[in-house]
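Everything on this sheet refers to the single structure shown next.
The values are calculated or read from the model by the stated rules, or taken from the named source; none is laboratory data. What you see is a predicted model; the values in this text were computed from it and never measured. Here the Cβ is made from the backbone with ideal geometry for all residues, glycine too, and neighbour counts use every protein chain on show. Note: areas computed on protein heavy atoms with side chains; ligands, DNA, RNA excluded. Shrake-Rupley method; radii C 1.70, N 1.55, O 1.52, S 1.80 Å.
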Amino acid sequence: MTEFSLSQVVVSQEGEQLYSFEYAATVTETSTTLVESFAQLGLIEPIGVMLSRRDITRIAQIQRLRHDLGLNLVGAAMVLDMAQEIANLRAQNQVYQSLLDTILDIKTQK
């Protein structure tokens, strides 16, 4: 089991755990240089020099898309962004469908 120093994991003012670039590199089996490159390219959004769990997940997903599908960094990031947009649109669609169902129920009760 790998041990990490306390400086590699901190808690933000909002209570979110934040992780160092070194920790992210270790758990995603990449290098700190690559993690820094992801930050410089805007593929992840560090808070100072720390990363959220979402950022670490995104690093792992980008790496998986690169290795499994042969996508480049930009292509992998676009796939993840589009997948997030689809999820947001589906959630929005469910809200609209629920509102429509409520309106139709009200109309049929009259």
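Give the residues of region 57-88 that are over 21 Å from Thr33 (Cα atoms) and open to solvent by 90 Å² or more (accessible area, probe 1.4 Å), sorted by residue number.
Residues satisfying the conditions are Asp68, Leu69, Met78, Met82, Gln84, Glu85.
For the chain, which fully contained helices (runs of 4 or more DSSP H) count at least 3 residues that are within 13 Å of the chain's Cα centre (by Cα) and at pLDDT 95 or above?
Of the helices (runs of 4 or more DSSP H) lying wholly inside the chain, those with at least 3 residues that are within 13 Å of the chain's Cα centre (by Cα) and at pLDDT 95 or above span 53-69, 73-109.
What pairs come out if I take residues in region 45-68 that are within 23 Å of Glu14 (Cα to Cα) and pair them with residues that are open to solvent by 30 Å² or more (accessible area, probe 1.4 Å) and in a strand (DSSP E or B) whose C-beta lies under 9 Å away, six or more apart or interchain?
Listed pairs, sorted by first residue: Met50/Val9; Met50/Val10; Ser52/Gln17; Arg53/Gln17; Asp55/Ile47.
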